[in-house]
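Below is one structure, written out as structure tokens; comments come after it.
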Amino acid sequence: MSIGNSNSPEEERPSTDDRSEDRLVERSVEEPSIGTALKKARIAAGLTVDEVSSITRVRIPIVHAIEEDDFTRCGGDVYARGHIRTLARAVYLDPAPLVESYDAAHGGRPAPTPAAPMFEAERIRPERQRPNWTAAMVAAIVAVIGFVGFTAFSGDAEKEKRPVAEGSASPKPAPKQTGGKPAAQPSQVPPAAKPEPSDSAIAAAPKDLVTVVLTADTGESWISAKDSTGRLLFDGTLVQGESKTFTDKESVDLVLGDAGVVKLFVNGKEIKDDFQPGQVERLTYTKEDPSQGQPQAG
């Protein structure tokens with residue numbers, strides 16, 4: 001006979017559920033959350049929330065919310081996954097692990113909706129309608145009346161013009177050939193080529209304004225431009241050969257995604273800075289530039 005309450009070895013061992021919970025706690029401590037990972041990667045890439053919003057077209061409040069692991073402002077799981085992928089690519093992260101982490105925390109990816117059988121679509125074919133002969137006859141009568149009226153009007157106009165044509169109007173003499181080559185006809189003159197932006201093309205820029213002309217010279221580049229009040233003037237991509245002009249009374253702020261392919265004119269003068277291909281530049285120009293136009297600190 002045993003005295004007291006002695007526990008068996010099985011009772012002293014930790015349960016399987018306790019060990020699973022301990023592993024989950026350790027894993028949650030080791031792995032950062034989705035928002036923390038995106039925020040750390042953005043800071044490491046040297047980007048602000050405003051710049052990430054401009055690059056990805058995801059609104060600034062949604063970027064802040066995702067970095068705080070708040071996905072309620074995304075509008076649903078489908079939009080949340082799309083925003084996570086877009087933000088991850090913008091800060092140079094692999095989006096696949098982040099999307100998998102989101103699915104694991106939100107009930108997994110929904111099952112795809114099965115496609116409807118083909119024979120069901122075939123059963124919804126509309127019935128062939130009989131031709132509307134009455135409408136066809138009305139259309140034919142209207143066409144005949146219109147043709148007759150147009151012919152009569154053209155004949156009256158021709159009679160009015162005929163006395164003038166038979167008057168003293170003399171035919172113009174043919175142009176004389178001064179050399180061995182025939183004279184060029186007006187239709188054969190090639191159209192003038194469209195001039196590219198140059199110092200002379202924008203020399204007439206107003207002196208009381210800041211005038212900035214950007215041309216994607218050797219490739220395409222993402223461009224962002226703001227005026228002195230912070231208002232966004234342009235945010236998009238310039239394809240090769242495309243130009244944009246920005247003006248303001250005080251200053252123009254620029255962000256060039258690939259400064260090496262951009263030709264830049266400020267207040268009628270070309271900026272000759274040695275920008276490298278793929279280089280991101282943040283610039284600010286005023287009415288006194290280009291003598292004082294310097295890259296803005298990132």
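The values are calculated or read from the model by the stated rules, or taken from the named source; none is laboratory data. Computed from a predicted model, the values in this text were never measured in an experiment. Every residue, glycine among them, receives a Cβ derived from its backbone with ideal geometry; neighbour counts consider all protein chains shown. These area figures cover heavy atoms from the full protein model, side chains too; ligands, DNA and RNA do not enter into them. Shrake-Rupley method; radii C 1.70, N 1.55, O 1.52, S 1.80 Å.
Some points to look at:
- Length gained on full extension, residue 72 to residue 247: 59.0 nm, using 0.36 nm per residue less the C-alpha separation.
- Measuring with a 1.4 angstrom probe and ignoring ligands and nucleic acids, residue 40 comes out at about 130 Å² accessible.
- Within the assembled protein chains, the solvent-accessible surface assigned to residue 79 is about 140 Å², based on a 1.4 Å probe.
- Projected over all directions and averaged, the alpha-carbon convex hull of the stretch 205-273 occupies 4.2 nm².
- Where labels lie 7 Å past Cα in the beta-carbon direction, separation of residue 231 and residue 96 in nm: 4.7
- For the stretch 220-258, applying the loop criterion from DSSP together with a ceiling of 11 other beta carbons within 10 Å to the GluC sites (Glu not before Pro) yields 250.
- Extension gain for residue 239-residue 153 works out to 25.7 nm (0.36 nm per residue, less the C-alpha to C-alpha distance).
- Here the accessible area is traced with a 1.4 Å probe on the protein chains. For the stretch 52-102, carbon and sulfur cover 53 percent of it.
- Per-residue ³J(HN,Hα) for the stretch 42-57, Karplus 6.51 cos²θ - 1.76 cosθ + 1.60, θ = phi - 60°, Hz, x for Gly and Pro: 5, 5, 5, 7, x, 10, 8, 5, 4, 5, 5, 5, 5, 6, 8, 6
- Ranking of 224, 101 by solvent-accessible surface, largest first: 101, 224 (1.4 Å probe, protein heavy atoms only, all chains present).
- In order along the stretch 86-91, the phi-based Karplus estimate (6.51 cos²θ - 1.76 cosθ + 1.60, θ = phi - 60°) of 3J(HN,Hα) comes to 5, 5, 5, 5, 5, 10 Hz; Gly and Pro are listed as x.
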